[in-house]
Protein chains: 2
Amino acid sequence: MRPTIHAVAKRAGVSIATVSRLLNGSTRVSAETAARVRRAIEDVGYLPNASARGLAMSANGTLAVIFPKLSGPFFSELIRSAEASARETGYHLLVYGDSSIAEDAQERMLGLLATKSDGLILASENIGLDYIRDVQRWGLPVVVLGRQPDDISVDSIRPDNVNGAVKAVSHLIEHGYRRIAMITGRRTHLHAADREAGYRRALYDHGLPIIPELVISGAFDEESGYAATQLLLRRRPVPEAIFAANDEMAIGAMAAVREKGLRVPADIALVGFDDIAPARYVHPSLTTVDQDMYGQAQVAVQMLLERVNGSDAETETRLVPTELVIRESCGCKDVARDVASVV
Amino acid sequence: MRPTIHAVAKRAGVSIATVSRLLNGSTRVSAETAARVRRAIEDVGYLPNASARGLAMSANGTLAVIFPKLSGPFFSELIRSAEASARETGYHLLVYGDSSIAEDAQERMLGLLATKSDGLILASENIGLDYIRDVQRWGLPVVVLGRQPDDISVDSIRPDNVNGAVKAVSHLIEHGYRRIAMITGRRTHLHAADREAGYRRALYDHGLPIIPELVISGAFDEESGYAATQLLLRRRPVPEAIFAANDEMAIGAMAAVREKGLRVPADIALVGFDDIAPARYVHPSLTTVDQDMYGQAQVAVQMLLERVNGSDAETETRLVPTELVIRESCGCKDVARDVASVV
DNA sequence: ACTGGTCATGTAAACGTTTACATGGAGGGG
DNA sequence: CCCCTCCATGTAAACGTTTACATGACCAGT
């Protein structure tokens, strides 16, 4: 049997209330008593029971995050960052794969989850609006990451896709590229729409025309980037640069260009979006836009905690800044000198 | 105020004990009562309070995992797999970065952690033995992943490094390579020692000599792989193949070979270990050994649950099988046809 | 010296479950 | 027809905290 607060109280010759107060610092405890209690805690090896504490305070000091199946590269930063931010403010972090949620009868899952945590970060696109509504009805604060549910009032966080795309395309324009193609995604895709908007805006701002036949829709994977690029390479004149709405498609594009006997960036410059891990490793290394998942998760925890602490301000969408990462594939930089790029 | 079990009982016209029994299935409840209670649960939107339950049962249905700072590529699989396995058996998963543990006064951290979970998977090398001992003394079951603490009795899981290395090197030998170098790591490194042992065994089994000047120690990062390879390329005759104890060093090696004007695998074949994500993306794609982190985490959860459920069998070390992943860099395969390898 | 106010501490009532034990009704064997 | 058993259900005591309220000591101001 593990030592309880009673054991400590007995050993220190005080009441359990005093021990509890010392631990929580709610009221002052005299210095000598404090010392005695602290020794007693040491002596018996006492650790407060989280369940009992949670029950008494009706708050369990835990945040939950539901993560998506796919996001291989971002996953790590998402969890790491959320955990670090949570920990910093004294919270613990529970994690759930979205498939776990989907499989379980939703109610049961909701139940277990909802009563174990004080707030939820939903980072998956595969969870229905109904689920969000259920969680909210239950009274659990929620923030949504990388998604914007229209029909529902909920805080959300996402990368500043528009500005990221503007930066990427402007960079190309400013280095002399004029005929710039884009591989985009289905309009319904949150990131796709905004990134395409940024592309258009950059062209517009620099007085360049938008050429519809240079905008091709992909499916955010390598295959479709490859296929889209094959199409683009048949346009005449051939585009001078391609902006892909994500790195996977950019990598597919790279393969297509290479297969056609052309060189990146000499013949065609290439820029991606997201800065996934392999972007550093492909050859040439890929210029891309970092969507700062670490920052996003940080903001998510922060927003969530505001709600947990009772804020009832209007729900809001927070945009996290994106950063252009210049590597070799855009042809705007001296060849990098680090080992990775040599590969 | 959220509905409690009392609200349900009242609505169904039964006692709270009956509701509880229905929920936990400990004793039979008559069919009609069950139906009535179930409706009541629906009606009031009841969800059992996890803290109260945890307190009453002195078990909180939660496992914790402490993950390392570095393991970027494995991290994802570790968490995903652990979560999935835990979920499957009805447990929830708490995650902690090892830096969180280290920073907090250990006692405090131990406290919070220990009372929130029923068992701990320690996947970090940066946590001291003292911590493990403290956790064990407290009565929390622990299993250790990817590490073998000598001075302490604890369950552990790790990849079958020896056999992985044997497979890799044998593969090279069987395809005609004879003069095979190895980039290893400090002997104290868990994986390094075993992988080197596998290398030696493969050579020995095939009647090949071990040439000391072809075994160079690196530090498990790109830089050191690069440096080690520069040394190896000065040996005469130049090695026909290099086996690196991990993929990072293999990637560094690739850079060194290329810089010297040699080709992989035409002039020098190359095999790594771990199968990190970039291994698919480098050019040529890297033949390597998959250490199956998913499987390891699965086994870890399984072993941990045995302990949680009271097993007091002898502590044991479980080896998880490793698999050779043949790609281009070993020169033993027709050039792959998938998009990635074209890049 | 009396009153009122601080301050440190103790007492006891929550918090929402689970579960050992008690209760009472139904059914079956003698 | 009685007694024993079994089964469905209720009663109430844990589980280990936090915290409102009560208590009494001590001090200062009058």
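The values are calculated or read from the model by the stated rules, or taken from the named source; none is laboratory data. Everything quoted here is computed from the prediction, not taken from an experiment. Neighbour counts run over all protein chains shown; Cβ positions are idealised from the backbone, glycine included. Areas reflect the complete protein model, heavy atoms only, side chains present, ligands, DNA and RNA absent. Shrake-Rupley method; radii C 1.70, N 1.55, O 1.52, S 1.80 Å.
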Within segment B:70-97, work out how many residues are assigned to a helix (DSSP H, G or I) and either touching a Cys at 6+ places or on another chain (Cβ under 9 Å) or more than 7 Å from every other protein chain (Cβ to nearest Cβ) (or both). 9
Go over the candidates A:Thr62, A:Thr33 one by one and state the one that is away from chain B (no Cβ under 11 Å) and surrounded by 14 or more Cβ atoms within 10 Å (Cβ to Cβ). A:Thr33
Taking helices (runs of 4 or more DSSP H) that fall entirely within segment B:3-69, which contain at least 1 residues that are more than 43 Å from the chain's Cα centre (by Cα) and within 9 Å of DNA strand C (Cβ to nearest atom)? B:5-12, B:16-24
Among the candidates A:Gly185, A:Gly225, single out the residue that is surrounded by 21 or more Cβ atoms within 10 Å (Cβ to Cβ) and at pLDDT below 95. A:Gly185
I'd like the residue in segment A:150-177 that is surrounded by fewer than 18 Cβ atoms within 10 Å (Cβ to Cβ) and not assigned by TED's automatic domain parsing to the domain that holds A:Gly272 and, out of all such residues, is nearest to A:Pro209 (Cα to Cα). A:Asp150
How many residues are part of a loop (DSSP other than H, G, I, E, B), under 22 Å from A:Ser170 (Cα atoms) and within 12 Å of chain B (Cβ to nearest Cβ) when one looks only at segment A:273-284? 2
Does A:Ser20 meet the test of being within 12 Å of DNA strand D (Cβ to nearest atom) and more than 9 Å from chain B (Cβ to nearest Cβ)? yes
Scan A:Arg195, A:Arg263, A:Arg236 and give me the residue that is open to solvent by 60 Å² or more (accessible area, probe 1.4 Å) and touching a helix residue (DSSP H, G or I) at 6+ places or on another chain (Cβ under 9 Å). A:Arg263
Here are some residues: A:Ser124, A:Ser156. Which one is touching a Pro at 6+ places or on another chain (Cβ under 8 Å), touching a residue at least 60 places away in the same chain (Cβ under 8 Å) and of a type in the set (Ser, Thr, Tyr)? A:Ser156
Would you say A:Leu47 is at the interface with another protein chain (Cβ under 7 Å from one of its Cβ atoms), modelled with pLDDT of 90 or more and in contact with a strand residue (DSSP E or B) (Cβ under 8 Å, 6 or more places away or on another chain)? no
From A:Ser76, A:Ser85, which residue is out of contact with any Asp or Glu (no Cβ under 7 Å at 6 or more places or on another chain), open to solvent by 10 Å² or more (accessible area, probe 1.4 Å), without any contact (Cβ under 8 Å) to a residue 60 or more places away in the chain and within 30 Å of A:Ala277 (Cα to Cα)? A:Ser76
Among the numbered criteria (1) over 21 Å from B:Val320 (Cα atoms); (2) assigned to a strand (DSSP E or B), which one does B:Leu140 miss? (2)
Among the listed residues B:Ser58, B:Ser15, B:Ser51, B:Ser30, which satisfies the condition of being without any contact (Cβ under 8 Å) to a residue 12 or more places away in the chain, near DNA strand D (Cβ under 10 Å from one of its atoms) and in contact with a Gly (Cβ under 6 Å, 6 or more places away or on another chain)? B:Ser51
For residues that are over 11 Å from A:Ala279 (Cβ atoms), hydrophobic (A, V, I, L, M, F, W, C) and modelled with pLDDT under 55, tally how many sit in segment A:324-340. 3
Quick one: which of A:Glu306, A:Glu316 is touching a residue at least 40 places away in the same chain (Cβ under 8 Å) and not assigned by TED's automatic domain parsing to the domain that holds A:His171? A:Glu316
Could you list, in sequence order, the residues of segment B:110-142 that are surrounded by 20 or more Cβ atoms within 10 Å (Cβ to Cβ) and farther than 25 Å from A:Pro3 by Cβ? B:Ile121, B:Ala123, B:Ser124
From the list A:Leu270, A:Leu305, A:Leu262, which residue is under 19 Å from A:His171 (Cβ atoms) and of a type in the set (A, V, I, L, M)? A:Leu270
Considering segment B:198-222 alone, what residues qualify as being on the phi < 0 side of the Ramachandran plot, out of contact with any Ser or Thr (no Cβ under 8 Å at 6 or more places or on another chain) and open to solvent by 20 Å² or more (accessible area, probe 1.4 Å)? B:Arg200, B:Arg201, B:Tyr204, B:Leu208, B:Pro209, B:Ile210, B:Ile211, B:Pro212, B:Glu213, B:Ala219, B:Asp221, B:Glu222
